[in-house]
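Taking it in order: structure first as structure tokens, then the write-up.
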Amino acid sequence: MSVSKSNERLIQWTFALCGAVSIFVTLGIFAVLFWETFHFFQEVPLGAFLFGTKWTPLFVQKQFGILPLISGTLLIALIAMIIALPLGISIAIFLREYASSHLRRTLKPILEILAGIPTIVYGYFALLTVTPFLQKVIPELAGFNALSPGIVMGIMILPLSVSLSDDAIHAVPEHLRMGAYALGAKRLEVVFRVVLPAAMSGIVSAGILSISRAIGETMLVTIAAGMRPLLTLNPLGPVQTITAYIVQVSLGDTPTGTLEYSSIFAVATVLFLCTFFLNTIAQRLRQSFQHMYA
Amino acid sequence: MKQITLDIRSLHVYYDSFHAVNNVSMTILEHTITSIIGPSGCGKSSFLRVMNRMNDLVPHARIMGEVLFRGANIYAKDMCEIELRRRIGMVFQKPNPFPFSIFDNVAFGLRIQKKHNKTFLRERVEESLRRAALWDEVYDRLHQSALELSGGQQQRLCIARALAIYPDILLMDEPCASLDPKATKRIEELLEKLKEEITIVIVTHNMQQARRISDYVAFFHTGELVEWGTSEDIFDHPQKQLTKEYTQGLFG
Ligand SMILES: Nc1ncnc2c1ncn2[C@@H]1O[C@H](COP(=O)(O)OP(=O)(O)OP(=O)(O)O)[C@@H](O)[C@H]1O
Ligand SMILES: [Mg+2]
């Protein structure tokens, strides 16, 4: 009796410790992030950082305007979304509303394989396969560009986009479909006039989570997008994303304590705030969606 | 003499090999309310879903026998189930309004028939809501979400939605099961009025309700139609012992 009781105590404490460790690690990350960011802003004014159009931290003439990194990040995320969202929603609709259960069971694992490929493989696929192929169609496409990693990123986050859209479509109760059929609706009408509108907030939430994933993606854009922080929306030329910049500085021989060094924490904070904001909105939408049919 | 609207002949329903409805023959007369009663799992819903071919949507469901709607076999090759469901509407046990506005709910069936004229829609929506005795409660908030209505209001909205496309028959599967007695009473009054215009087939577990509203009653048990006849026949002079026991509440 007492043995099992003390055992239980031990287990409890072990779990509490594990929980505490993860909380402290998270807090530690925040502390470092914000501390270095604070350092950075003691030397660079916030306005120049947020609205500056030149990002040249590694030049002699250092300028820290984050807009080029933001435009690079958003451009690639946008291209990825143009691929991943329509395709993801269509595949989800097909799987849920049209495919036989046999076909669904075959297709889902294939999508999961897509999700299991290491991102570095996608990076080289973009650089060495997709870019040369696209150059045949668009001769003015640069070797490093936003378009190719954008497209490949779209394929990469397709499994996420499918599975989140699928959740949203699946959450639409069957009795709504039946109600529409009973009014003489055809299958296509049931899908487009009832299921999709009813799943809309869930699908929007899926889209936002996919964007959040896209702007945090690192390896693919580091390899295939070039390292040129240009304030541009031209998909044919090179760009640099926030994540790629962080990689560049981390891999280089930038000494700690310098302004370049703390700049990666400043941009990381921006990235964190963006994804945090997006995830929070997505979470809210999901809750209101689930609440609607609870 | 009332016309026969639905003529059901030796109907069987199977789910895979499970025999859910066994050799049922009966008729539904125009402008009457026919109640389907019987213990849970006896095949009432299965039977009802055959009449507007909602059973087509149930996986593994198979039917045998004939259902004639005004003389035409609804399972004939040239019968379009979409068209049929527009003539034979259905109201479900759980109110299932779409997550749209009240107006868009009622207009749904018209819009999918490509009827988009604004004045026409407005008039038909109002008329349908009046027929479903809901207009007075919602006329000033037609563009609010239907999900904000109470359960009883939602069910009447579903009735209005079905009525909007002028069906000849309304099939109702325990429409009052999730409603309180007051909302139930409103729906019963509504059905009394509606039967002057349309034919109603209603599944119910509530003996008092069946007795109050129906002209005809059909008693099902383990997939078989035990007995059917006028409300009086079934409740006051049942031919079969089983019917008597069930209607007196001796089993359920
Ligand atoms: N889709 C289905 N697949 C397999 N079996 C089914 C299906 N639908 C119903 N059944 C079975 O058929 C029988 C009749 O079901 P049905 O729903 O018609 O009964 P019911 O009389 O409406 O019952 P209740 O009063 O509980 O609604 C039941 O035994 C049920 O388990
Ligand atoms: Mg039933």
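The values are calculated or read from the model by the stated rules, or taken from the named source; none is laboratory data. Here the structure is a predicted model, which is why all the values come from computation and not from measurement. When we count neighbours, we look across all protein chains shown, and the Cβ atoms used for this are built from the backbone with ideal geometry, even at glycine.
Considering (1) in contact (Cβ under 8 Å) with a residue 24 or more places away in the chain; (2) away from chain B (no Cβ under 14 Å), say which one A:Val195 fails and leave the rest.
A:Val195 satisfies every listed condition except (2).
Here is a list of conditions, (1) touching a strand residue (DSSP E or B) at 6+ places or on another chain (Cβ under 7 Å); (2) buried (at least 23 other Cβ atoms within 10 Å of the Cβ), and B:Ala164 meets all of them except one; can you say which number that is?
Condition not satisfied by B:Ala164: (1).
Please give the number of the condition B:Ala61 fails out of (1) in contact with a strand residue (DSSP E or B) (Cβ under 8 Å, 6 or more places away or on another chain); (2) free of Cβ contacts under 8 Å to residues at least 24 places away in the same chain; (3) within 16 Å of ligand 2 (Cβ to nearest atom).
Result: B:Ala61 fails condition (2) only.
Are any residues in the range B:82-96 more than 8 Å from chain A (Cβ to nearest Cβ) and part of a loop (DSSP other than H, G, I, E, B), and if so, which ones?
The answer is B:Gln93, B:Pro95.
I'm checking my understanding of the structure. Among residues of the range A:236-285 that are aliphatic (A, V, I, L, M) and assigned to a loop (DSSP other than H, G, I, E, B), which one is farthest from A:Leu58 (Cα to Cα)?
A:Leu236
Taking B:Thr34 and the conditions (1) within 16 Å of ligand 2 (Cβ to nearest atom); (2) closer than 15 Å to B:Ile74 by Cβ, which numbered condition does it fall short on, given that it satisfies the others?
Result: B:Thr34 passes all but (2).
Just for the range B:16-58: of the residues that are more than 9 Å from ligand 1 (Cβ to nearest atom) and in a loop (DSSP other than H, G, I, E, B), which one is nearest to the other protein chains (Cβ to nearest Cβ)?
Across the range B:16-58, the extreme among qualifying residues is B:Asn52.
Answer with yes or no whether B:Glu192 is over 12 Å from the mean Cα position of the chain (by Cα), acidic (Asp, Glu) and under 28 Å from B:Gln113 (Cβ atoms).
no
Could you tell me how many of the residues in the range B:208-218 are away from ligand 2 (no atom under 16 Å from the Cβ) and surrounded by fewer than 24 Cβ atoms within 10 Å (Cβ to Cβ)?
Residues meeting the conditions: 6.
Go through (1) modelled with pLDDT of 95 or more; (2) on the phi > 0 side of the Ramachandran plot one by one and return the number of the condition B:Arg87 breaks.
With (1) modelled with pLDDT of 95 or more; (2) on the phi > 0 side of the Ramachandran plot applied to B:Arg87, the lone miss is (2).
For B:Ser46, state whether it is surrounded by 18 or more Cβ atoms within 10 Å (Cβ to Cβ), in contact (Cβ under 8 Å) with a residue 12 or more places away in the chain and among the hydroxyl-bearing types (Ser, Thr, Tyr).
Yes, satisfied.
Which of the helices (runs of 4 or more DSSP H) contained wholly in the range B:138-232 include at least 3 residues that are in contact (Cβ under 8 Å) with a residue 60 or more places away in the chain and either in contact with a Leu (Cβ under 7 Å, 6 or more places away or on another chain) or among the acidic types (Asp, Glu) (or both)?
Helices (runs of 4 or more DSSP H) meeting the threshold: B:151-163.
Let me spell it out: the conditions are (1) assigned to a helix (DSSP H, G or I); (2) within 14 Å of another protein chain (Cβ to nearest Cβ), and B:Phe103 meets all of them except one. Which number is the exception?
(2)
Please work out which residue is nearest to B:Phe92 (Cα to Cα), limiting yourself to the range A:168-192 and to residues that are of a type in the set (Lys, Arg) and at the interface with chain B (Cβ under 9 Å from one of its Cβ atoms).
A:Arg177
Could you identify the single residue in A:Leu147, A:Leu141, A:Leu160, A:Leu233 that is touching a Lys or Arg at 6+ places or on another chain (Cβ under 8 Å) and more than 14 Å from chain B (Cβ to nearest Cβ)?
Result: A:Leu160 is the single residue among A:Leu147, A:Leu141, A:Leu160, A:Leu233 that is touching a Lys or Arg at 6+ places or on another chain (Cβ under 8 Å) and more than 14 Å from chain B (Cβ to nearest Cβ).
Restricting to the range A:164-189, count the residues that are in contact (Cβ under 8 Å) with a residue 40 or more places away in the chain, surrounded by 20 or more Cβ atoms within 10 Å (Cβ to Cβ) and among the hydrophobic types (A, V, I, L, M, F, W, C).
Total meeting the criteria: 4.
To keep it simple, each residue is scored yes or no on (1) under 30 Å from A:Glu112 (Cβ atoms); (2) under 22 Å from the mean Cα position of the chain (by Cα); (3) in a helix (DSSP H, G or I); (4) at pLDDT 95 or above.
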| site | (1), (2), (3), (4) |
| --- | --- |
| A:Phe30 | no, yes, yes, no |
| A:Leu33 | no, yes, yes, no |
| A:Gly47 | no, no, yes, no |
| A:Leu58 | no, no, no, no |
| A:Gln61 | no, no, no, no |
| A:Ala80 | yes, yes, yes, yes |
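Scan the range B:113-129 residue by residue and report those that are assigned to a loop (DSSP other than H, G, I, E, B) and either touching a Lys or Arg at 6+ places or on another chain (Cβ under 7 Å) or over 13 Å from A:Gly184 (Cα atoms) (or both).
Within the range B:113-129, B:Lys115, B:His116, B:Asn117 qualify.
What number of residues within the range B:236-245 are outside any loop (DSSP other than H, G, I, E, B) and buried (at least 19 other Cβ atoms within 10 Å of the Cβ)?
Looking only at that region, the number is 1.
Which ones in the range B:112-132 are surrounded by fewer than 16 Cβ atoms within 10 Å (Cβ to Cβ) and facing chain A (nearest Cβ under 9 Å)?
Answer for the range B:112-132, where residues must be surrounded by fewer than 16 Cβ atoms within 10 Å (Cβ to Cβ) and facing chain A (nearest Cβ under 9 Å): just B:Gln113.
Return only the number of the condition from (1) more than 29 Å from B:Tyr14 (Cβ to Cβ); (2) buried (at least 19 other Cβ atoms within 10 Å of the Cβ) that B:Gln248 does not satisfy.
Here B:Gln248 meets the rest and fails (2).
Which residues, counting only those in the range B:59-68, are under 12 Å from B:Leu6 (Cβ atoms) and either among the hydrophobic types (A, V, I, L, M, F, W, C) or within 11 Å of ligand 1 (Cβ to nearest atom) (or both)?
Matches in the range B:59-68: B:Val67, B:Leu68.
Looking only at residues in the range A:244-263 that are surrounded by fewer than 23 Cβ atoms within 10 Å (Cβ to Cβ) and within 22 Å of the chain's Cα centre (by Cα), which one is nearest to A:Thr37 (Cα to Cα)?
Restricting to residues being surrounded by fewer than 23 Cβ atoms within 10 Å (Cβ to Cβ) and within 22 Å of the chain's Cα centre (by Cα), the top hit is A:Ile246.
Answer yes if at least one residue in the range A:124-134 is farther than 16 Å from A:Thr222 by Cβ and touching a helix residue (DSSP H, G or I) at 6+ places or on another chain (Cβ under 8 Å), and no otherwise.
Checking the range A:124-134: at least one residue is farther than 16 Å from A:Thr222 by Cβ and touching a helix residue (DSSP H, G or I) at 6+ places or on another chain (Cβ under 8 Å).
Looking at (1) within 16 Å of ligand 2 (Cβ to nearest atom); (2) loosely packed, with under 14 Cβ neighbours inside 10 Å; (3) within 18 Å of B:Leu171 (Cα to Cα), find the lone condition where B:Phe18 falls short.
With respect to (1) within 16 Å of ligand 2 (Cβ to nearest atom); (2) loosely packed, with under 14 Cβ neighbours inside 10 Å; (3) within 18 Å of B:Leu171 (Cα to Cα), B:Phe18 is out only on (3).
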